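Read the figures in this text as sums done on the coordinates, not as results from a lab. Please read all numbers here as calculations on a predicted model, not as lab measurements. Counting neighbours? That spans all protein chains shown, and the Cβs are built from the backbone with ideal geometry, glycine included.
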Amino acid sequence: MTHVASDPIVSFAGVSLGYGEFTVLEDVNIDVHPGQVVAMMGGSGSGKTTLLRATTGQLPARAGAVRVFGQDIAGLDEKGLRAARQRMGVLFQQGALFTDLSVFENVAFPLREHTCISEHQILERVLETLDRVGLRHAAHLGISEISGGMARRVALARAVVLEPELILYDEPFAGLDPISLGIIAQLIRRMTDALGCASILITHDVPESFAIVDQVFLIGQGQLIAQGTPDQLSASTDAYVHQFLEGEPDGPIAFHYPDTPAFEQWLAGKTRS
Ligand SMILES: Nc1ncnc2c1ncn2[C@@H]1O[C@H](COP(=O)(O)OP(=O)(O)OP(=O)(O)O)[C@@H](O)[C@H]1O
Ligand SMILES: [Mg+2]
């Protein structure tokens, strides 16, 4: 389901990102529209989580503009940023649940933090959201009593309980068995369609994500290398795209972290002492 006629929910225009002297990505142009599920793909260290941090306003762009909900994120004050973040649900890469809280209380947490709704409404909303991920009847369990795949579904429920307009998933499939992986992928698609929101999915998993996404953005070598529908990317003859999709060890994707002045300086210090 792709609605390209609408204004984008997220828009990167000529964006450069980095940390200190280290530039991760340059001149990135990406638009994500309501109703779309998009995949951000690329090798380890290519900058996928960095893109997510720029979207939430945690990392300022060095050049260009990141617009979220039509607003330049760099122009928002603390209050504006908080308001924008309330409209986003984030499933972090190391998305830990509160282990001392039950499944129910984990999902209730954002409602208690950000809304003034009654206990009765919280009960209804949380059970309804747990139902979406198939875990209504696990509400009473402790986090230590559920499996890894179930925990991922609880985290997913927690990320969507405020019915966000934008959901960011950082590697939601990592460490899941093929069945749980398929379930989570279908859930992401279904939840996006049900809420009419946009979803950005950071993943390495080609077949599962290609089955559910509208658009794929492939990053590497410090830039956006390719974008298109799963079919367009599958048909690409670009060497990088081909290597990534086929998971081939040889090709333009570097295995080694690049040499930097900071490393040489560190090594010089080591060899001097
Ligand atoms: N806080 C930070 N300070 C300095 N450098 C960082 C920081 N976070 C990430 N980096 C560097 O930025 C680059 C991109 O990192 P990022 O976490 O965005 O990669 P990624 O594509 O998400 O990788 P992975 O698939 O392994 O999660 C890496 O080279 C990393 O070393
Ligand atoms: Mg990452």
Helix-only [θ] at 222 nm, the chain, -39500 (n - 2.57) per DSSP H run of 4+, per residue, nearest 500, equals -11500 deg cm²/dmol
Computed over the chain: longest principal axis from alpha-carbon atoms vs helix 119-132 long axis, angle to nearest 10 degrees, is 60
The rounded separation in angstrom of the Cα centers of region 74-105 and region 110-132 is 15
For 135-143, 156-164, ranked highest to lowest by mean beta-carbon neighbours within 10 Å, the order is 156-164, 135-143
Projecting the Cα atoms of Thr55, Gly182, Ser118 onto the charge dipole of region 29-182, where Lys and Arg contribute +1 and Asp and Glu -1 at Cβ, the residue farthest towards the positive end is Thr55
Here Rg/Rh (Cα, Kirkwood) for region 101-163 equals 0.93
Counting all Cα-Cα pairs in region 10-61, those more than 14 Å apart amount in percent to 53
Dipole check, the chain, charges on Cβ (K,R +1; D,E -1), about Cα centroid: among Ser147, Met40, Thr229 the Cα furthest to the positive pole belongs to Ser147
Computed for the chain: size of charge dipole around the Cα centre, +1 on C-beta of each Lys and Arg, -1 on C-beta of each Asp and Glu, debye to nearest 20, value 600
Percent antiparallel among DSSP beta bridges confined to the chain, nearest 5, equals 55
If each part is reduced to its alpha-carbon centroid, region 10-72 and region 136-156 end up apart, in Å, by 31
Per principal axis, largest first, the Cα atoms of the chain extend in Å by 62, 46, 41
Ranked by GNM mean-square fluctuation in the chain (Cα springs under 10 Å), the top entry among Val37, Val126, Val206 is Val206
tail above 22 Å in the computed P(r) of region 1-117, as % of all Cα-Cα pairs, reads 44
